Amino acid sequence: MTTSLRHPLLAAPIAIAALLLAAPLSSAAKPRVAHAGHRPAIVHTGLAGARSLGKRNRCTARISRLRARPLPTRRRRRIVRRLRGTCQATPSSAPHAPLYWGATIGEQLTGEQAPWDMGAVSKFEGLAGKGLSLVNFFAPFANCSSSPCSFYKFPTEPMESIRERGAIPVYSWSSQSIPSSLEEPDFQLGDVIGGAFDSYIREFAEDAKEWGHPFFLRFDWEMNGNWFPWSEGVNGNQPGEFVAAWRHVHDIFAEVGATNATWVWCPNVDPEEKMLSLASQYPGDEYVDWTGLDGYNWGPSKGGWASFNSLYSATYTAIAGSIAPSKPMLIGEMGSTERGGSKAEWISEALSSILASYPQIRGMLWFDTFDDGMDWPIETSAASTSAFASAVQNPDFVEGAYGNLPGGPIAPPV
């Protein structure tokens, strides 16, 4: 879980100013276009993985049938929790397929964030003892600190800096403005659906196509929570609007031929199933190339120490077992505090668990920046740095050699 003020402010204020485009908002909705469709990337889990996935599908079906029964709410939740324990991700005898790995890298290493300073990537790789294959960074639609709003252009230069290093860019793009607020009446999902931003989105997509190289587009992440202004139930957003907005933006990219964007649908982990229904937020297989998950061990500041498995297993099972079983998964954000337990042990357990029990996860991003008063970076202790470096030495965490990937949806590494 994250706060509404976090990621849109991660874009470096000085460097990103050069990327601003003062563009008027389009008041007229453009016609919807037929979706061209992306060829889905299929994960081959092998026989053992298929057996495990079959078990999860059966468990998920049992839970769905139970929820439909007319039982008292507290009793139903109690039974679901017990049943869910039998549906947890379980170790597979088949080896894990390779996965991309990398980070969101903050300014604590060089005084500037990556990719605005690629020296920060070098510093992080030095700590990890290995070259990464993913670099994530963030931007909203617009900066409205002055009037009129200025809209962020496609970041060609930072994208190219990442690609030239052999890594794949991950661009976390949000349909909001900064300064960030949970209530942004000019940036509601209905505005996206109605075409208010079509001219901006179209130009952004055309610039992405012109750049031409593959990148992950993680659009409006953590939509199942209530801390970002693009979630249903806040900011005047209505049920059903998230999917409609996602499809509308995707359709514009498809119309202009920007097929080098690989669309990542990335909810937040929801181990207690208190957030919006994942199924209600899923845009559909034709509109999603990869799924994702974000989740943090906040320690005593939020609910107490939580292992990776206790955070991720249930939501992973729901997505990989029934919502999008054919899609590879990217962990978009993960991290742990040092407070309340051993961060080094948490890191070791998390990364080994991914390889042992989560065959659908084919990419992972560590949130290596101080934020929300939390100590997420791997370098907060020598033990944590060592644990991370030791874990990623496993050859399944692939190094960057992806500067010349072909266009189209990004396939998992082989």
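The values are calculated or read from the model by the stated rules, or taken from the named source; none is laboratory data. Note that this is a predicted model, so its numbers are computed, not measured. Here Cβ is always computed from backbone atoms with ideal geometry, including for glycine, and neighbour counts include all displayed protein chains. What goes into the accessible areas is simple: the full protein's heavy atoms, side chains included, and nothing from ligands, DNA or RNA. Shrake-Rupley method; radii C 1.70, N 1.55, O 1.52, S 1.80 Å.
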Checklist entry - Is it true that some residue in the range 367-385 is open to solvent by less than 10 Å² (accessible area, probe 1.4 Å), at pLDDT 95 or above, in contact with a helix residue (DSSP H, G or I) (Cβ under 6 Å, 6 or more places away or on another chain) and over 19 Å from LEU134 (Cα atoms)? => result yes
Item to check | Top-ranked residue in the range 281-295 [being among the hydroxyl-bearing types (Ser, Thr, Tyr) and open to solvent by 10 Å² or more (accessible area, probe 1.4 Å); ranked as farthest from LEU217 (Cα to Cα)] | outcome: TYR282
Item to check | the range 303-337 - residue that is open to solvent by 50 Å² or more (accessible area, probe 1.4 Å) and at pLDDT 95 or above and, of those, farthest from ASP368 (Cα to Cα) | outcome: SER322
Next on the checklist: Being touching a strand residue (DSSP E or B) at 6+ places or on another chain (Cβ under 9 Å) and part of a loop (DSSP other than H, G, I, E, B) narrows it down to one residue among PHE151, PHE187, PHE141; which is it?
Outcome noted: PHE187
Next on the checklist: From the list GLU184, GLU164, GLU160, exactly one residue is modelled with pLDDT of 95 or more, among the acidic types (Asp, Glu) and closer than 18 Å to LEU217 by Cα. Which is it?
Outcome noted: GLU160
Next on the checklist: Residues that are within 24 Å of ALA97 (Cα to Cα), in a loop (DSSP other than H, G, I, E, B), in contact (Cβ under 8 Å) with a residue 40 or more places away in the chain and not charged (D, E, K, R): does the range 330-345 have at least one?
Outcome noted: no
Item to check | Pair list, Cβ < 9 Å and 6+ apart or interchain, from the range 353-381 residues that are under 11 Å from LEU330 (Cα atoms) to residues that are outside any strand (DSSP E or B) and of a type in the set (Lys, Arg) | outcome: GLN360/LYS327
Checklist entry - Out of GLY225, GLY236, which single residue is part of a loop (DSSP other than H, G, I, E, B), on the phi > 0 side of the Ramachandran plot and either in contact (Cβ under 8 Å) with a residue 60 or more places away in the chain or open to solvent by 20 Å² or more (accessible area, probe 1.4 Å) (or both)? => result GLY236
Checklist entry - Counting just the residues of the range 160-178 that are more than 17 Å from LYS209 (Cβ to Cβ) and assigned to a helix (DSSP H, G or I), which one comes out least open to solvent (accessible area, probe 1.4 Å)? => result ILE162
Item to check | Every pair of residues 6+ apart whose Cβ atoms lie under 9 Å, when the first sits in the range 280-302 and is closer than 19 Å to PHE253 by Cβ and modelled with pLDDT of 95 or more while the second is of a type in the set (Gly, Ala, Ser) and part of a helix (DSSP H, G or I) | outcome: PRO283/ALA244; THR291/ALA320
Next on the checklist: So for the range 195-204 (the condition being assigned to a loop (DSSP other than H, G, I, E, B) and under 23 Å from the mean Cα position of the chain (by Cα)), does at least one residue qualify?
Outcome noted: yes
